[in-house]
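Heads up, the thing below is written out as structure tokens.
The values are calculated or read from the model by the stated rules, or taken from the named source; none is laboratory data. From a predicted model like this one, the values you see are computed outputs, not experimental measurements. Here the Cβ positions follow ideal geometry from the backbone for every residue, glycine too, while neighbour counts run over all protein chains shown.
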Ligand SMILES: *Cc1c(COP(=O)(O)O)cnc(C)c1O
């Protein structure tokens with residue numbers, strides 16, 4: 001019987017016990033120069049890298065620590081090859097820069113992580129790569145694909161409102177037309193969902209979030225299965241001069257060891273908070289696919305193994321100023337971007353940002369909460385006092 005993912009996460013990417021004794025964890029191996037025994041050995045390694053294989057000929061490519069993390073992330077995502085990047089956004093940029101050329105069209109789900117649009121407006125447009133956005137729940141993908149569409153880029157669930165996307169039919173249509181599918185899997189962080197298993201070409205995620213898990217690390221990763229895109233990804237990676245330090249790879253590996261227990265607890269706490277908010281008289285709607293009342297719940301139950309600590313809440317008759325006041329009144333939820341650490345966070349998402357989502361119809365916006373590992377009764381009490389203080393009893 002194959003070992004459970006939790007067991008594999010505890011053991012993967014650890015150093016082989018070659019001698020009589022050894023450390024538990026792969027050490028931090030720092031180097032700029034990679035030394036070779038002979039010119040022939042160097043040439044063989046250079047050739048392997050040029051063909052897309054995960055070998056190092058220079059410090060930028062990393063050594064033992066980064067290789068161990070790549071192996072562990074392949075285990076997590078069910079892939080065969082991983083590329084570490086300095087941030088999640090860099091993983092997104094690497095995937096789109098590697099897979100597109102001037103004249104190509106990229107189709108993107110409209111609930112994606114906002115900075116994807118900056119990459120589009122700032123760079124892809126200038127390179128002659130066209131990007132279109134669509135809402136797969138209301139616009140059939142066939143109507144949005146163009147003859148020159150090379151990549152379909154999805155994020156499920158979406159950022160801010162967590163719209164669920166049915167990936168399987170998108171993959172089927174794209175496969176039939178030779179279009180690559182790239183999926184941002186940060187929400188599930190590989191633990192609750194695996195786009196590669198549904199046939200996506202690339203699964204990428206921000207290790208900054210749940211992999212690191214302690215809000216002290218910036219990192220991204222691209223994972224693929226098979227050789228299809230390996231040479232092109234390596235070529236673009238090398239051309240951009242991307243590199244991840246062994247110290248950061250070490251932190252990510254360390255985070256991975258407790259991913260299973262953290263994800264379970266984030267799910268438990270977030271669901272308790274979501275259910276309490278959904279029953280609150282001042283609440284218009286809670287956005288969280290794990291809630292039975294969420295329109296994405298059936299899809300989430302079918303495709304995902306669990307949920308993370310994220311949810312968004314929309315209040316009744318609530319102006320933007322009051323939304324900000326509730327965020328300010330919270331004591332246990334820090335105000336700040338990002339998520340996936342052990343701590344609770346709150347961030348307002350105003351209509352200005354949400355207007356990019358075709359599914360959004362509200363007035364003032366939402367508060368996005370990241371529910372951390374604190375005791376959830378304390379978190380609920382904090383929300384109760386902040387909501388009552390601003391919106392009344
Ligand atoms: C945070 C995030 C990213 C970007 O990750 P960084 O490491 O912050 O650059 C990408 N996609 C999603 C869905 C995210 O939430």
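Structural remarks
- Where helices (runs of 4 or more DSSP H) sit wholly within the stretch 58-172, those with at least 1 residues that are within 16 Å of the ligand (Cβ to nearest atom) occupy 64-77, 88-99, 115-119.
- Pair list, Cβ under 9 Å, 6 or more apart: the stretch 217-229 residue without any contact (Cβ under 8 Å) to a residue 24 or more places away in the chain, other residue within 16 Å of the ligand (Cβ to nearest atom): none
- Filter pass, residue 17 being over 29 Å from the mean Cα position of the chain (by Cα) and either assigned to a loop (DSSP other than H, G, I, E, B) or exposed (fewer than 10 other Cβ atoms within 10 Å of the Cβ) (or both): yes
- Residue in the stretch 266-280 that is part of a loop (DSSP other than H, G, I, E, B) and without any contact (Cβ under 8 Å) to a residue 24 or more places away in the chain present: yes
- Residue match in the stretch 39-61 (condition: touching a strand residue (DSSP E or B) at 6+ places or on another chain (Cβ under 7 Å) and modelled with pLDDT under 90): yes
- Some residue of the stretch 281-290 being touching a helix residue (DSSP H, G or I) at 6+ places or on another chain (Cβ under 8 Å) and assigned to a helix (DSSP H, G or I): no
- As a summary of the residue check, residue 168 satisfies the conditions (1) over 19 Å from residue 199 (Cα atoms); (2) modelled with pLDDT of 95 or more except for the one numbered (1).
- Among the candidates 221, 244, the residue that is in a strand (DSSP E or B), within 12 Å of the ligand (Cβ to nearest atom) and within 29 Å of residue 335 (Cβ to Cβ) is uniquely 221.
- Residue 251 being in a loop (DSSP other than H, G, I, E, B) and either surrounded by 17 or more Cβ atoms within 10 Å (Cβ to Cβ) or free of Cβ contacts under 8 Å to residues at least 40 places away in the same chain (or both): no
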